[in-house]
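Following: one structure in structure tokens, then a few remarks.
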Amino acid sequence: MFVKKLVEKASKKQHSGGIGGLRAEDVSPRLAFHYGVPADAALLAYDPLLHVLAVATRNGQIKLLGRDNTQALLQSPSPIPSKFMQFADGQGVLLSVNTQNQIEVWDIDTKRLCYLHPFEKQITAFTVLQKSFYIYAGDSFGNVSLFKLDLGQRCLVDLPYCIPFAESYGSTANGGNGVDVAFVSPQPLAESNRLLIIFRDGVMTLWDIKASRVVFVSGRTTQQQSHQEEKNVTSSCWACSKGSKVAIGYDSGDIYLWAIPDIFSAENSSSSSNPNLPLQRLNLGYKLDKVPIISLRWVPSDGKSGRLYINGFSEHAYLYQVLILNEESESRIVKMVLPITEACQGMEFVTGLSDPNKQRQTVLVLLLKSGQICLYDDSEIERYLLQSQSRSPPTLPSHSFVKQPYGDSGINVAKFYTSDRTATANEDYFSTLASKYPWLLSMKDKGQISASLSNIHKTRNLYITGHMDGTISFWDASCPLLLQIFMIKQQHEDNTSSRARITSLQFDMSSSILISGDQGGTVRVITFKKDSSDNILSILQGKQGDNYDARSIKLKGAVTSTSMISNSKHFAVGTEKGIVSVIKVDDATILYQKQLECRVSGGIASLQFELYSHNGYDKDLLIVGMEDSSICILEEETGKLLNANPVQTNRPTRALLLQTLELSPNEAPGSDNHDTALRESLLLLCTEDAIRLFSLSHAIQGMKKITNKKKLNGSCCFVSVIHGASSEIGIVLVFSNGKVETR
């Protein structure tokens, strides 16, 4: 629901602009769609009814991943981590507790933070009771507070019910000095009104909610009477469906299995405390000493047994185990160790429909320390454990990682092109594409999912990406969900694969020519074969390799920039060595080369062809921007340097963008003066620390005339020019601290 609305909204959006200037909505950058798993992922939560997985980050973001590849990104007002996160199952509500002890209530349909509830104490345990939607919060003073989730208002209501530490901890609670609540959860029985509270020091209390009294307290005597070092509870979970066993993990790496007495016999007992509960120590066979048990999860297998998933890691070691536990006996346990390559910081079980046979599949989702998400088929884990009890040697379960939607190799350079801005989107078509896109958490080998070439006429926007492994991909970007149309794997002349990363791309839609350059200095001219279709993107149809011709040329140094005029017979390439090459399109031969000097080590940052007209004088120019912000102007046909003294900034600074503009430097914003006779060619130079406008006519003569200069507040790392429907021009600046400005 939450992404379907986003796709529909994006598909209906029309592009327009006003003569009087850019509108507020045109210069208000906002997130349209977010792909994959965000960086710094640290926490998981899952709604088994809506099939939505939430991934929280350390900077206040929460990524939602749903069925049919639906995705959305929530941004908390405070860029701080979440320490607890849980869904109100089936209600479209996500609750998150941040490290400032604020409880956030999110509506996942509207992607809106509906309510922020401040909590005065440090929250150390947090549980949402499904169906009733009561919420228990344990704090650092040993108290347990109760809230009610108001689904209609999407807010929390404080309830006049509190379990004080002095009453729940028992008679040894001294002077009100509390102990952290490590775990709080109702007993998993429909007729039970009991709440299990486990404190950080191992004390365990079963609390009668209706009677507001302790049923029993236990756990204290085991640690006090033994001479072992003290250990703290780090995780816990119920270890059976009847609520008769609970597993507790400690920072020492130990796990205790507690047997809870029958609640009905306890109900008839005259004593409110039973310190003699049976306690069993599980021999887990740890070879690493003092590996804290970070999380525990119990999953029922059948009516008599279940699997206990154990996650332990420290700064120097990590371990992930799975055990089979018998609910009705103390029979010998069976265990396995999952071969993960790094520590796991979160786990969830996700159930959905796998492609393409629509069989129900349960996937164990592990969030690793690096932020990667690892997937295991839970049925394979169960099969391994069962085979371990037989004589046949078991096969370790296979696993896979969640892949980014743009492929296995990272994007190094990208270009966006549009064929028809006024075309009306076919909403049904894009909704169908979204539903057919593979489930992100599927264990099936998804590969690269492509848009149907029979529907290429419906494509309005084209996104071309150059990758670190040398591949070039074409994407249908007509709606926020990118779908791959076509992919080119670069090859050498001997037909071996080239894996040099793509460093520059230039695509001329009218001539259907793609220019690419890579880190190894190879430039490729790829000419697509046209057909009779009116849609310019129809060039991508046909069998891969049969719908284009490719020629290449090897240059000295990595390619850093390319430029081409529509339907031109040649194009320009700049390299890291400061060499400009003008190359013929038809046979990929060099027309001429020019070596340009740089004040510091560096190459060509920008190239642009320009027709310069002044007082009836026309000249074809090639304007070159160096990485040190020097500007050189060449005669296009011959490569002759027209300005013997390059225009330079006072000190070398990294150039980000150099582009020619046609406007009047004296024209006030919003003015109606659009007389082209009064307009002048200017050079826009954007560097890390400033924006400058130079007179092109003066630059040709080797003179530096700055018509405007603005210093930037911060270090800029990326600049792009945006155009309105009229003659208005803006620039978007991205800073190294993540700030985005539009001017």
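The values are calculated or read from the model by the stated rules, or taken from the named source; none is laboratory data. Bear in mind that the values here come from a model prediction, so they are computed numbers and not experimental data. Heads up, the Cβs are rebuilt from the backbone with ideal geometry, glycines too, and the neighbour counts pull from every protein chain shown. Note: accessible area is taken over every heavy atom of the protein model, side chains too, but ligands, DNA and RNA are not part of it. Shrake-Rupley method; radii C 1.70, N 1.55, O 1.52, S 1.80 Å.
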**OP:** Leaving ligands, DNA and RNA out of it, report the carbon-plus-sulfur percent of the accessible area of region 71-123 at a 1.4 Å probe.
**Re:** 45
Original post:
In whole Hz, what ³J(HN,Hα) sequence does region 312-320 give by Karplus (6.51, -1.76, 1.60; θ = phi - 60°), x for Gly and Pro?
Top reply: x, 7, 9, 5, 10, 8, 8, 7, 10
Subject >> Normalised convex hull volume, region 55-204, alpha-carbon set, Å³ per residue >> reply: 130
Original post:
How large is ³J(HN,Hα) for each residue in region 41-49, as worked out from phi by the Karplus curve 6.51 cos²θ - 1.76 cosθ + 1.60 (θ = phi - 60°), to whole Hz, x for Gly and Pro?
Top reply: 5, 9, 8, 10, 8, 9, 9, x, 8
Original post:
With every protein chain in place, what's the accessible area of residue 134 (1.4 Å probe, Å², nearest 10)?
Top reply: 90
Original post:
Across region 562-567, in residue order, what do the Karplus-derived ³J(HN,Hα) couplings come to in whole Hz, using 6.51 cos²θ - 1.76 cosθ + 1.60 with θ = phi - 60° and x for Gly and Pro?
Top reply: 9, 8, 8, 8, 4, 6
**OP:** Compute the signed sum of charges (Lys and Arg +1, Asp and Glu -1) over the other residues within less than 12 Å, Cβ to Cβ, of residue 42.
**Re:** +3
Original post:
Out of residues 5 or more away from residue 717 or on other chains, whose amide H comes under 5 Å of its own, with H placed 1.01 Å from N in the peptide plane?
Top reply: 734, 735, 736
Subject >> Long-range HN-HN contacts of residue 215 with modeled amide H, under 5 Å >> reply: 206, 207, 208
Original post:
For residue 153 and residue 588, FRET efficiency with R0 = 56 Å and r from the beta-carbon atoms, rounded to 0.05?
Top reply: 0.25
Original post:
Using mean Cβ contacts within 10 Å as the protection proxy, how do 609-621, 565-577 order, highest first?
Top reply: 565-577, 609-621
Original post:
Per residue, how much accessible area does region 39-105 have with a 1.4 Å probe, in Å²?
Top reply: 30
